[in-house]
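The values are calculated or read from the model by the stated rules, or taken from the named source; none is laboratory data. Note that the structure is a prediction, hence the values are computed from the model and not measured. Glycine gets a Cβ as well: all are built from the backbone with ideal geometry, and neighbour counts include every protein chain shown.
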Amino acid sequence: MNLLQNISLKTFNTFGIDVPAEYFLELDNGNLLPELTELSITKHILGGGSNILLTRPVKGLVLHNRLKGIIRIKEDDTHVWLKAEAGELWHNLVLYAIDKGWGGIENLALIPGTVGAAPIQNIGAYGVEARETIASVTCWNWDEKTTITYNNRDCKFGYRDSIFKHDLKDKAFITSVVFKLTKQPGFNTSYGAIEQELEELGVTELSVKAIAYAVMNIRKSKLPDPAVIGNAGSFFKNPTITKIKFTELLQLFPNIPSYNVNDNLVKVPAGWLIEQCGWKGYRKNDTGVHAKQSLVLVNYGNAGGSEIWQLSDEIVLSVKERFGIELEREVQVW
Ligand code: EPU
């Protein structure tokens, strides 16, 4: 096992924050996990680095998940079960599925990060969440020193949430995920922008490929490409508030957008709240708020993680003062 020492993580996180890892290992063989378990050193698991903010040098061992492979493990007349290793790029899995015409994850095209991160935060976009297709998640459990498979229900999925952020936080190394995809897709174009984009593309016959390409175009037009401007997608979650609170806000802000969660709760887009507080397009030194989507904080070059954290604090405070809503961060902070 070749542990590297004092390695810069700049190219391993999409924010492009330059902090060192004390020890670093590219893990491309799951058979090393039992041996790694015996190392008495704090372990941090890194996938695509697209949902983390690094605020200080990382003590201990950063394990870069490089487990690769996608295989069809089962199929019947209507469905196919694909097993993807956790280090596969998420978008490669989407491309693989749409190429075969299998449906379920086409609305999640172009989300940065790895397959292993998908269940952790139950990635979601354009009316679809990963939990709708995840059949099971297999992990190496550091405490139990064995491999455990969790079925969909065990994963306790919620909005950008799962058991891997709570009971299994720091306990499980996700090695692979099984997805149940459909051979007869029922297309989800409920998100208004998709319909519009399909029309602009001149699509007359729906297909998983057409939807994926429409989603890719929408994402490219709104979200900054991490290869060009450092960012980690949505920095905050969209807050859920009570209907009573929402009715009060509606009196003051008649244009406030919302989505019904249930009879008592409403979700409000954090991007709108942040924009209303005047942050859209804001820049200070190398930190900023994206000009086309206020939910995305950016690093224009050499911002430090703590500078971005500080900006996020100021945003939280101003939204709290104006709307009485406490924004919750979506990114993981190291
Ligand atoms: N809005 C504004 N100003 C902004 C941004 C948004 O007024 O600066 C308004 C929009 O006009 C719209 C509403 O807010 O009325 C929603 O905006 P959008 O469709 O862009 O989606 P979002 O709620 O801001 C969520 C996800 C994204 C996902 C999109 C599309 C979260 C935290 N974010 O954003 O996920 O791509 O929906 O489904 O739920 C991510 O998690 O990293 C991510 C990019």
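Data for the structure
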quantity: Answer from 172, 135, 130 - the residue that is within 16 Å of the ligand (Cβ to nearest atom) and at pLDDT 95 or above; calculated: 130
quantity: Residue in the stretch 199-215 that is surrounded by the fewest Cβ atoms within 10 Å (Cβ to Cβ), counting only those that are aliphatic (A, V, I, L, M) and more than 12 Å from the ligand (Cβ to nearest atom); calculated: 201
quantity: The lone exception for residue 248 - which of (1) within 22 Å of residue 273 (Cα to Cα); (2) touching a Ser or Thr at 6+ places or on another chain (Cβ under 8 Å); (3) of a type in the set (Asp, Glu) it fails; calculated: (2)
quantity: Hey, residue 234 in contact (Cβ under 8 Å) with a residue 40 or more places away in the chain, buried (at least 19 other Cβ atoms within 10 Å of the Cβ) and not charged (D, E, K, R) or not; calculated: yes
quantity: Inter-residue pairs, beta-carbon under 7 Å, first closer than 20 Å to residue 205 by Cβ and in the stretch 178-193, second among the charged types (D, E, K, R), 6+ apart; calculated: 189/195
quantity: Number of the exception - residue 166 against (1) crowded, with 23+ Cβ neighbours inside 10 Å; (2) away from the ligand (no atom under 14 Å from the Cβ); calculated: (1)
quantity: Residue 196 within 14 Å of the ligand (Cβ to nearest atom) and loosely packed, with under 15 Cβ neighbours inside 10 Å; calculated: yes
quantity: Residues satisfying the stated conditions in the stretch 51-68, i.e. free of Cβ contacts under 8 Å to residues at least 40 places away in the same chain and more than 24 Å from residue 234 (Cα to Cα); calculated: 59, 60
quantity: Test: residue in the stretch 3-14 that is over 21 Å from the mean Cα position of the chain (by Cα) and buried (at least 18 other Cβ atoms within 10 Å of the Cβ); calculated: yes
quantity: Members of the stretch 70-88 that are part of a loop (DSSP other than H, G, I, E, B) and surrounded by 12 or more Cβ atoms within 10 Å (Cβ to Cβ); calculated: 86, 87, 88
quantity: Single unsatisfied condition, residue 91 versus (1) assigned to a helix (DSSP H, G or I); (2) touching a residue at least 60 places away in the same chain (Cβ under 8 Å); (3) not assigned by TED's automatic domain parsing to the domain that holds residue 13; (4) not basic (Lys, Arg); calculated: (2)
